[in-house]
Amino acid sequence: MVSKRFAVVLAALILAALPALAKPNFSGDWKLNAAKSTFGEMPAPSSMTMKITHADPKVTAASKSSSERGEFEISATYTTDGAPTTNQGFGGNPTTSTAKWDGDVLSIETKGKFGDNDFTMQDKWSLSEDGKVLSILRTFKSSMGEAQQKLVLEKQ
């Protein structure tokens, strides 16, 4: 009788833990909340939206932004299994990204060129518990130095 109760309790604990084991799904239409974001040395965009389609292990992110420098659109596809993906960066230069899970955080490292400068961009994507806020901690590194941003996007 004791082993049967133990099995029932163990099964209940496992079922209760399953939602916690599931990875976040970033799918949705997102809009930048500039007031809650920080841009460091870089100029803030006047607006930014992202459309994310996420069916693990594939993530596609298309962003549109406006700033004093003009309108920008960029799209990238990643796989969360750590396999490298190649995308087109600003100025038509190719970039190579690797994405992998670090607990509930999606870590994406992108390497490429901007003009004659090699750069590395490290993103850490996290989702609020209610799924309505996407935070992206971003670190840029190049021969010109290092910069950090925190982008806070709200689900539309």
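Can you name the condition, by its number, that Asp130 falls short on among (1) over 18 Å from Leu32 (Cα atoms); (2) at pLDDT 95 or above; (3) not in a strand (DSSP E or B)?
Asp130 satisfies all of (1) over 18 Å from Leu32 (Cα atoms); (2) at pLDDT 95 or above; (3) not in a strand (DSSP E or B) except (1).
Can you work out which of the residues in segment 123-144 that are touching a residue at least 60 places away in the same chain (Cβ under 8 Å) and not hydrophobic (A, V, I, L, M, F, W, C) is surrounded by the most Cβ atoms within 10 Å (Cβ to Cβ)?
Across segment 123-144, the extreme among qualifying residues is Ser126.
Could you tell me whether Pro45 is part of a loop (DSSP other than H, G, I, E, B), modelled with pLDDT under 95 and in contact with a Leu (Cβ under 9 Å, 6 or more places away or on another chain)?
yes
I'm trying to understand the selection: among the residues of segment 111-122, which are part of a strand (DSSP E or B), among the charged types (D, E, K, R) and loosely packed, with under 15 Cβ neighbours inside 10 Å?
Asp118
For Phe26, work out the one condition from (1) of a type in the set (A, V, I, L, M, F, W, C); (2) without any contact (Cβ under 8 Å) to a residue 60 or more places away in the chain; (3) in a loop (DSSP other than H, G, I, E, B) it doesn't fulfil.
The number of the failed condition is (2).
State all residues of segment 139-156 that are closer than 15 Å to Pro45 by Cα and among the charged types (D, E, K, R); if no residue qualifies, say none.
Passing the criteria: only Lys150.
Can you find even one residue in segment 59-77 that is of a type in the set (D, E, K, R) and within 19 Å of Thr139 (Cα to Cα)? Talk me through it step by step, then tell me what you get.
First, the residues of segment 59-77 that are of a type in the set (D, E, K, R): 64, 68-69, 71, 73.
Next, only the ones that are within 19 Å of Thr139 (Cα to Cα) stay: none.
No, segment 59-77 contains no residue that is of a type in the set (D, E, K, R) and within 19 Å of Thr139 (Cα to Cα).
Has segment 17-33 got any residue that is more than 23 Å from Tyr78 (Cβ to Cβ), under 17 Å from the mean Cα position of the chain (by Cα) and at pLDDT 90 or above?
The answer is yes; a qualifying residue exists.
Can you spot a residue in segment 27-42 that is under 21 Å from Lys100 (Cβ atoms) and surrounded by 14 or more Cβ atoms within 10 Å (Cβ to Cβ)?
yes
Taking segment 141-156, which residues are of a type outside the set (Gly, Ala, Ser) and in a strand (DSSP E or B)?
Across segment 141-156, the qualifying residues are Lys141, Glu146, Gln148, Gln149, Lys150, Leu151, Val152, Leu153, Glu154, Lys155.
The values are calculated or read from the model by the stated rules, or taken from the named source; none is laboratory data. Note that the coordinates shown come from a computational prediction; the quantities given were computed from them, not determined experimentally. Virtual Cβ from ideal backbone geometry, glycine too; neighbours counted across all protein chains shown.
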